[in-house]
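> Just dropping this structure here.
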Amino acid sequence: MALVSIRNVNKVYDGGVHAVKNVDLEVRDKEFMVFVGPSGCGKTTTLRMVAGLESITSGDIAIGDTVVNNLPPMDRDIAMVFQNYALYPHMSVFHNMAFGLKMRKFEKAEIDKRVRDAAAILGIETLLDRKPRQLSGGQRQRVALGRAIVRHPQVFLFDEPLSNLDAKLRVQMRVELKKLHERLGTTAIYVTHDQVEAMTLGDRVVVMKDGVVQQVGEPLELYNTPANRFVAGFIGSPAMNFAEVTLSGANGKLWAEAPGLKIGVPEPLAGRVNGHSGKATMGIRPEDLHVAGPADPAELCFEVEVEVIEQLGSEILLDTRAGNSTFVASVDPMLRTKVHERLKLAINPNRLHLFDAETEAAI
Amino acid sequence: MIEGAVWRKWVFYNIPLILFVFILLFPFYWMIITTFRPDGELYRPWNAVNYQPFWTNNPTLDHILYLFEETSFGRWMVNTMFIAAVSTVISLFCGVLAGYALARLNFPYAGGLGTAIFVTYLVPQILLFIPLAEIIRNYRLGDTPWALILTYPTFLIPFCTWLMMGYFKAIPKELEECARIDGASRFKAMIYIILPVAVPGIMSAGIFAFTLSWNEFLYALVFLSSPEQKTVPVGVTSELIRGDVFFWGPLMAGALLGSIPVAIVYSFFVEHYVSGLTGSVKG
């Protein structure tokens with residue numbers, strides 16, 4: 001068990017690509033930390049630097065109290081699960097799991113015990129004599145996990161381990177991973193491009209883009225108070241609605257205006273706007289929009305035209321348009337409406353976000 | 001497989017296949033029939049009444065006996081086997097290591113070096129044998145098996161290196177990375193993980209190298225002179241074609257017996273061979 005600290009780490013590839021820029025964060029002991037971001041954002045490179053599979057251009061990575069910058073992977077006391085499982089095709093499941101222990105010269109009895117324990121935890125005792133090619137995708141995934149846990153490493157590293165599984169199995173393995181982490185309590189770093197995985201698995205989540213950390217925080221923190229427009233749009237499904245608005249004061253009130261749209265910005269958000277330029281991006285999540293009723297004040301309402309109706313059963317997603325901005329609203333499944341119908345939507349004033357038009361940082 | 005009407009299957013699949021097999025196997029059939037045909041039938045003119053080129057009613061072992069009693073065919077077989085085996089082992093050893101290095105170790109100019117090795121494979125033997133003859137003479141290796149054992153790798157190593165390089169590149173990098181995280185050094189990861197996975201590739205490189213050296217003609221002709229030292233291809237052609245007289249029966253017998261070891265090697269490893277060349281790694 002150990003904390004992992006990543007201090008001002010940079011990675012510049014030989015071709016000059018600056019893949020990871022000044023990443024500085026700490027993974028706490030026993031924490032499940034998820035790195036999430038679009039492909040090419042540097043999350044996997046960061047993980048591979050922790051693993052020792054990529055060299056560090058500058059900065060320090062420490063596992064526990066040891067700076068591991070120049071240690072080979074074998075001496076870092078880590079275990080890694082790869083996206084394509086990387087099972088050794090010529091070895092049985094048992095030997096796949098035992099390989100790491102054999103390389104570390106464990107005694108035969110101990111190897112046997114550890115492999116069988118791990119197999120029992122993962123429910124693969126009956127598969128120990130099989131070869132990887134005789135296993136299904138989910139079973140291979142379990143073997144790959146088993147190979148990591150037999151070693152009792154200080155840190156688990158996961159590189160998109162679920163992305164080769166079908167959707168149903170992915171959800172199931174996600175739950176099992178979470179349980180496994182609770183049971184073992186080992187520090188874990190998990191890389192994924194799937195924000196749902198990040199939200200459900202992570203104790204804390206790191207959002208990255210273009211090699212730069214955008215925000216680090218607990219899942220709900222990222223969801224409720226995104227640091228910038230990128231995080232706001234990346235976390236949450238369906239994604240947050242954005243509209244380019246102009247901010248102006250009139251009658252002692254701050255208004256956010258766009259064609260077909262005029263919203264009174266509520267306090268305390270309005271108070272924070274001071275000093276920002278007239279242009280801004282307004283953000284509101286689909287579930288914070290509802291069909292306006294008599295109780296909703298007019299300054300929080302706007303008229304839209306329904307373009308697409310997506311019936312999901314538990315909710316309806318309305319794809320609507322107001323002027324040149326589009327809004328997806330998650331509304332009551334009992335609502336009856338038609339395409340091209342005009343209706344009024346109201347926003348939840350406490351959940352409105354504004355982002356600076358230039359820096360894209362949250363206001 | 002072609003689906004649909006039976007005639008389609010015959011026209012597009014069965015008939016072309018049968019034609020192909022016929023064309024490929026006919027020379028072998030001709031070799032076999034000539035081996036067992038007595039001389040009297042062999043040299044019968046085509047317009048004779050009892051001319052029957054595709055069959056014989058009086059099979060004989062005379063030609064095979066002639067081969068073993070009147071020539072050093074047994075010696076030639078042993079020579080060829082020894083030379084082919086040793087040069088294959090040398091070339092495989094170098095080829096596997098070089099292929100691994102070029103495919104996996106990111107050292108400067110790896111790409112250029114790979115191309116350079118390939119270019120040496122493209123130099124025609126017919127040009128290379130002149131300088132090689134000089135070298136062989138200087139080291140006093142002429143007319144010994146070592147003349148061939150040491151020259152065959154000049155074309156076998158580039159070939160093995162390239163075949164293995166392609167095969168190693170097809171093996172997922174994660175396998176090796178995982179092994180290294182599991183506690184194996186680079187060398188151990190190669191021995192325990194990469195080489196076992198690459199066995200089909202190594203086998204096909206080996207079979208190819210063996211066949212190439214078994215059939216090699218030019219160097220064997222140039223570097224060996226005494227009948228005792230010759231290999232099968234050179235021995236058969238130089239001892240059984242005297243002037244413009246072709247001893248067709250023993251010639252064909254020699255060709256037939258000479259192709260048997262290669263056929264055996266192929267049939268044993270054919271599955272590995274196919275998966276080695278198509279580069280499929282099942283994970």
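> Would you check which residues across region B:96-127 are in contact (Cβ under 8 Å) with a residue 12 or more places away in the chain and of a type in the set (A, V, I, L, M) and list them?
Listed by number, the residues that qualify are B:V96, B:A98, B:L102, B:A103, B:I117, B:I126.
> Given the criteria surrounded by fewer than 15 Cβ atoms within 10 Å (Cβ to Cβ) and not acidic (D, E), does A:G293 qualify?
Yes.
> Further question on the same structure: Quick check on region B:176-187. Is at least one of its residues of a type in the set (A, V, I, L, M) and surrounded by fewer than 19 Cβ atoms within 10 Å (Cβ to Cβ)?
Taking every residue of region B:176-187 in turn, none turns out to be of a type in the set (A, V, I, L, M) and surrounded by fewer than 19 Cβ atoms within 10 Å (Cβ to Cβ).
> Further, regarding this structure: Tell me, which helices (runs of 4 or more DSSP H) wholly within region B:164-283 include 3 or more residues that are away from chain A (no Cβ under 14 Å)?
Hits in region B:164-283: B:199-215, B:218-223, B:232-240, B:248-278.
> Right, next: Tell me which residues, restricted to region A:316-345, are in a strand (DSSP E or B) and among the aliphatic types (A, V, I, L, M).
If the condition is that a residue be in a strand (DSSP E or B) and among the aliphatic types (A, V, I, L, M), then A:I316, A:L317, A:L318, A:A322, A:V328, A:A329, A:V331, A:L343, A:L345 are the ones that fit.
> Looking only at region B:42-56, count every residue that is loosely packed, with under 10 Cβ neighbours inside 10 Å and over 19 Å from B:A253 (Cβ atoms) and tell me the total.
6
> Check whether at least one residue in region B:117-140 is assigned to a helix (DSSP H, G or I), farther than 30 Å from A:D77 by Cα and within 14 Å of chain A (Cβ to nearest Cβ), and report yes or no.
So far as region B:117-140 goes, no, none of its residues is assigned to a helix (DSSP H, G or I), farther than 30 Å from A:D77 by Cα and within 14 Å of chain A (Cβ to nearest Cβ).
> Within region A:162-176, is even one residue in contact (Cβ under 8 Å) with a residue 60 or more places away in the chain and within 30 Å of A:V115 (Cβ to Cβ)?
Yes, because at least one residue in region A:162-176 is in contact (Cβ under 8 Å) with a residue 60 or more places away in the chain and within 30 Å of A:V115 (Cβ to Cβ).
> Residues that are crowded, with 22+ Cβ neighbours inside 10 Å and out of contact with any strand residue (DSSP E or B) (no Cβ under 9 Å at 6 or more places or on another chain): find the strands (runs of 3 or more DSSP E) completely inside region A:1-71 holding 1 or more of those.
Answer list for region A:1-71: none.
> Same structure again: Check A:G271, A:G313, A:G283, A:G233 and return the single one that is at pLDDT 85 or above and in a helix (DSSP H, G or I).
Answer to the check: A:G233.
> Give me the residue from region A:97-113 that is buried (at least 21 other Cβ atoms within 10 Å of the Cβ) and small (G, A, S) and, out of that set, nearest to the chain's Cα centre (by Cα).
This residue is A:G100.
> A follow-up question, please. Kindly indicate whether B:L148 is at pLDDT 90 or above and over 30 Å from A:Y88 (Cβ atoms).
The answer is yes for B:L148.
> Among A:R151, A:R130, A:R116, A:R183, which is assigned to a loop (DSSP other than H, G, I, E, B) and surrounded by fewer than 20 Cβ atoms within 10 Å (Cβ to Cβ)?
Going through A:R151, A:R130, A:R116, A:R183 in turn, just one is assigned to a loop (DSSP other than H, G, I, E, B) and surrounded by fewer than 20 Cβ atoms within 10 Å (Cβ to Cβ): A:R130.
> With the condition kept exactly as written, say whether any residue in region A:248-262 is buried (at least 16 other Cβ atoms within 10 Å of the Cβ) and in a loop (DSSP other than H, G, I, E, B).
no
> Regarding A:G137, is this residue surrounded by fewer than 17 Cβ atoms within 10 Å (Cβ to Cβ), of a type in the set (G, A, S), more than 20 Å from A:I78 (Cα to Cα) and within 14 Å of another protein chain (Cβ to nearest Cβ)?
Considered against the rule, which asks whether it is surrounded by fewer than 17 Cβ atoms within 10 Å (Cβ to Cβ), of a type in the set (G, A, S), more than 20 Å from A:I78 (Cα to Cα) and within 14 Å of another protein chain (Cβ to nearest Cβ), A:G137 comes out as yes.
> Identify, please: which residue in region A:72-96 is among the polar types (S, T, N, Q) and in a loop (DSSP other than H, G, I, E, B) and is, among those, farthest from the other protein chains (Cβ to nearest Cβ)?
Top of the filtered list is A:S92.
The values are calculated or read from the model by the stated rules, or taken from the named source; none is laboratory data. Keep in mind that this is a model prediction, so the values were computed, not measured. Counting neighbours? That spans all protein chains shown, and the Cβs are built from the backbone with ideal geometry, glycine included.
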